[in-house]
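Working notes for the structure below.
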Amino acid sequence: MKNYKKLQNGSDIRGIAITGVPGELPNLTPDEAADIAGGYLIWLSEKLGRKPETLKIAIGRDPRVSGQYLMDGLMNGFGPYGPTVYDCGLASTPAMFMSTVFPGFECDGSIMITASHLPYNRNGFKFFTREGGLNKADITQILKYAADGNACEEHLGAPGFTDRLTRRLGKQIYPAEKADLMTPYCEHLKQLIIDGADNGDRPLEGMKIVVDAGNGGGGFYAKKVLAPLGADVRDSQFLEPDGMFENHAPNPEDKEAMASICTQVISRGADLGIIFDTDVDRSAAVDSRGREIARNGIVAMAAALVAEEHPGTTVVTDSITSRQLTAFIEDELGLKHLRFRRGYKNVINKAQELNESGTDCQLAIETSGHAALKENYFLDDGAYLATKIVIKAARLAKEGRTLDSILEKLENPADEKEVRIPILCSDFGPYGDRVLEDLEEFVKNSEDLSLEEPNYEGVRINFPDGWCLLRKSLHDPILPMNMASDMPGGCEDIRKIMSGFLADYDELDLSVL
C-alpha cells in the first residue's frame, strides 16, 4: 500500500508536482492524481449512494504549469468508471464550489487543482460537494482509498468505460467535457454589485480600482467584473496568469505583495485596491490613502459590513486576532467575537456549529483573508468579500465618504511579531504538548501574567501591556509564537520572558528568538 498520508494538509491535499527546486522531488504526479481521483470517486459514490456513471464532477485549476498534467491524471482515475467530468480550465476555488450550485452545472462534486500561495513547483487539490468543502476526516478517507490499489474494483466494480480512451500527443487519456464556469460566476458577482450599489447598470463609473492578482487566477475580477460596471482598472497589476509568479507571491499575507499594491494605489491615485491569493479564496484591500486593510483590518472590515444587516451577530475568527479587534467588534459594532482556532475549515465549522445550536453567526474569517459568510454558503470566497467591499465603497462615494471611514475607530497594536520555533525531535506532537502544558503552569505561578479565557488553541497569555500566543502548528513540527504589545518595541519584553521559559527545552531551536 502506498503512503499517501504525507500529501494531506488538513482539509486539502498538497505536494511537489514538478522539479525545479533543489532537493524537492515530485510526489504529486499524474499517477498519484489518478489514484486520488479513484479515492474521491469511491468516497462521493458512497456518500451519495449512487453509481459513479451517474455522477457529475467539475474540475478547475490555477495557473501553475503542472495543472494540466494533474488534470490528465485525475481523468485517468475517473474515466474508467464513467462519471461526467467538466473541464473548467483556469478557474478560482470559490467558483469550483459554485459549480455544484449554478443552474446548468449542478455538479455532485468538484475539484480545484491548486496549492494556494505556495511556490510554483507545488500543487494540490481542494474538494467540494454541495455541502461545501470537505473536512480533514474526509481527505484522510480519500487518501486511504487512493493508497489501496484494489480499492476501486472492490468498491466500484470492474471498469466499464475503458472504450472512452482517446489519444492526445501520443498519450492515451480520458477526455473531459469543456465547460465555461467563470462566465456565470463573473455574472453572479456583477449582479451582486449592481443590486448592492443601487446606482444603475454601471454603478462603478468614476471609481479607480487597482486589482493585484499576483499572476494567479484573480485577474478576471478586474477585467470581467469591475470594468464592465464602469470602474477604471487600467492601473491594475499582474493580472495575467503566470504559474511562475515572478513578480511577487500571490498572497495577501506577503509583505512584499502588500507593499506593491499599496504603492500602486498611492502612486496612481486610486480609490481602492484589491489583492487576491492564487486561487482567489482569500483577499485583502487597500484604502485610498494606501493603507492596507489586511489581517486584523480585513476581519474588522468584514465584520463592519455584516453588522449593517445582522446587528448582534457573532463573528468567529482564528486565534491570533488582537485585543483591539475584539474591542472594535464588540464595543464599536455591537457584535460578539469568538476567537477560535487557526485553520479556515476550523473557523467555518465552528460558525456552522453555532448556527446549528441556535446562535446566530454570519461571519467566519481568518486573519489570512479567508472570509466565509452565511449568506454565501459559508464559502471562503475572496472575490465575494471583495465584492462586498466594492459595494460599500461605491455607496460611500455617493455620500462623499471613503472606505477608511469605516475603520477609523479600529486601533492597532503598537508592536507585533511572529516567530516560528522548530521542534527538533521526531516525536514533535507530544513534545509540543508538554511545552504548552508546562507553560500553563508557568503562567499560573506568575504574578504579572494571566491566561486568556476562554481560549481554544495553544496557550494565550495576557501581559501587562500586550499578549502572546504559543501554539502547535496545524501540520508541521513548529511552535508558532505570536506577540503583540500596546507599547512601541514592547514585543522585546515579551520575547525575553518567553525565551527565559523556553530555554530549558533542548529539543527547541531557539535561534529564531
(message) Looking at region 317-331, can you tell me whether even one residue there is under 14 Å from the mean Cα position of the chain (by Cα), of a type outside the set (A, V, I, L, M), within 21 Å of Met481 (Cα to Cα) and open to solvent by less than 10 Å² (accessible area, probe 1.4 Å)?
(response) yes
(message) Looking at region 348-369 only, could you name the residues that are more than 13 Å from Gly132 (Cβ to Cβ) and touching a residue at least 24 places away in the same chain (Cβ under 8 Å)?
(response) Lys350, Leu354, Thr359, Asp360, Cys361, Gln362, Leu363, Ile365, Glu366, Thr367, Ser368, Gly369
(request) Might you check whether a residue that is basic (Lys, Arg), under 19 Å from the mean Cα position of the chain (by Cα) and assigned to a loop (DSSP other than H, G, I, E, B) occurs anywhere in region 129-141? (result) yes
(request) Determine whether region 240-261 contains at least one residue that is more than 25 Å from the chain's Cα centre (by Cα) and buried (at least 17 other Cβ atoms within 10 Å of the Cβ). (result) no
(request) Select from region 193-221 the residues that are part of a loop (DSSP other than H, G, I, E, B), at negative phi and surrounded by fewer than 16 Cβ atoms within 10 Å (Cβ to Cβ) and list them in ascending order. (result) Asp201, Arg202, Glu205
(request) Select from region 468-513 the residues that are small (Gly, Ala, Ser) and under 29 Å from Lys6 (Cα atoms) and write down the one among them that is surrounded by the most Cβ atoms within 10 Å (Cβ to Cβ). (result) Ser473
(message) Looking at Ala372 and the list (1) within 18 Å of Arg295 (Cα to Cα); (2) open to solvent by 10 Å² or more (accessible area, probe 1.4 Å); (3) outside any helix (DSSP H, G or I), which single condition is not satisfied?
(response) (2)
(message) Looking at the structure I just gave you, is Ser45 over 24 Å from the mean Cα position of the chain (by Cα), open to solvent by less than 50 Å² (accessible area, probe 1.4 Å) and among the small types (Gly, Ala, Ser)?
(response) yes
(message) Being farther than 21 Å from Ala484 by Cα and either of a type in the set (A, V, I, L, M) or open to solvent by 10 Å² or more (accessible area, probe 1.4 Å) (or both) is the filter here; which residues of region 300-313 pass it?
(response) Ala302, Ala303, Ala304, Leu305, Val306, Ala307, Glu308, Glu309, His310, Pro311, Gly312
(request) Restrict the check to region 227-237 and report whether at least one residue is under 22 Å from the mean Cα position of the chain (by Cα), surrounded by fewer than 24 Cβ atoms within 10 Å (Cβ to Cβ) and farther than 23 Å from Leu305 by Cβ. (result) yes
(request) Please name all residue pairs, on different chains or six or more residues apart, with Cβ atoms under 6 Å, provided the first residue is in region 273-300 and is more than 25 Å from Glu332 (Cα to Cα) and of a type in the set (S, T, N, Q) and the second residue is open to solvent by less than 10 Å² (accessible area, probe 1.4 Å) and in a loop (DSSP other than H, G, I, E, B). (result) Thr278/Asp62; Thr278/Ser116; Thr278/Gly216; Thr278/Pro250
(request) Kindly indicate whether any position in region 16-27 is out of contact with any Cys (no Cβ under 6 Å at 6 or more places or on another chain) and part of a strand (DSSP E or B). (result) yes
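Residues are listed down the side, and each one gets a yes or a no for (1) modelled with pLDDT of 95 or more; (2) in a helix (DSSP H, G or I); (3) of a type in the set (Asp, Glu):
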| residue | (1), (2), (3) |
| --- | --- |
| Glu240 | yes, no, yes |
| Asn247 | yes, no, no |
| Asn251 | yes, no, no |
| Cys262 | yes, yes, no |
| Ile275 | yes, no, no |
| Arg289 | yes, no, no |
| Val299 | yes, yes, no |
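This table checks each residue for (1) in a strand (DSSP E or B); (2) more than 23 Å from the chain's Cα centre (by Cα); (3) modelled with pLDDT under 95; (4) within 16 Å of Pro175 (Cα to Cα).
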position: Ile57; (1), (2), (3), (4): yes, no, no, yes
position: Gly60; (1), (2), (3), (4): yes, no, no, yes
position: Leu70; (1), (2), (3), (4): no, no, no, yes
position: Leu74; (1), (2), (3), (4): no, no, no, yes
position: Pro80; (1), (2), (3), (4): no, yes, no, yes
position: Tyr86; (1), (2), (3), (4): yes, yes, no, yes
position: Gly89; (1), (2), (3), (4): yes, no, no, yes
position: Pro94; (1), (2), (3), (4): no, no, no, no
(request) Being at pLDDT 95 or above and of a type in the set (A, V, I, L, M) is the filter; apply it to region 96-136 and report the residue that is most open to solvent (accessible area, probe 1.4 Å). (result) Val101
(request) Would you be able to say whether some residue in region 305-315 is touching a residue at least 40 places away in the same chain (Cβ under 8 Å) and either under 16 Å from the mean Cα position of the chain (by Cα) or closer than 26 Å to Gly218 by Cα (or both)? (result) yes
(request) Return a yes/no flag: does region 62-73 have any residue that is among the aromatic types (Phe, Trp, Tyr), in contact with a strand residue (DSSP E or B) (Cβ under 7 Å, 6 or more places away or on another chain) and open to solvent by 10 Å² or more (accessible area, probe 1.4 Å). (result) no
(request) Could you tell me whether any residue of region 344-360 is closer than 20 Å to Met483 by Cβ and within 22 Å of the chain's Cα centre (by Cα)? (result) no
(message) Take the residues in region 409-467 that are closer than 17 Å to Lys496 by Cα and part of a loop (DSSP other than H, G, I, E, B); name whichever of them is most open to solvent (accessible area, probe 1.4 Å).
(response) Glu447
(request) Tell me, yes or no, whether region 156-176 has at least one residue that is buried (at least 18 other Cβ atoms within 10 Å of the Cβ), under 14 Å from Arg61 (Cβ atoms) and either in contact with a strand residue (DSSP E or B) (Cβ under 9 Å, 6 or more places away or on another chain) or touching a residue at least 40 places away in the same chain (Cβ under 8 Å) (or both). (result) yes
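The values are calculated or read from the model by the stated rules, or taken from the named source; none is laboratory data. Predicted model, so just to flag it, every value in this text is computed and none were measured. Please note: Cβ atoms are built from the backbone with ideal geometry, for glycine as well, and neighbour counts cover all protein chains shown. Protein only, heavy atoms only, side chains kept; ligands, DNA and RNA dropped before computing areas. Shrake-Rupley method; radii C 1.70, N 1.55, O 1.52, S 1.80 Å.
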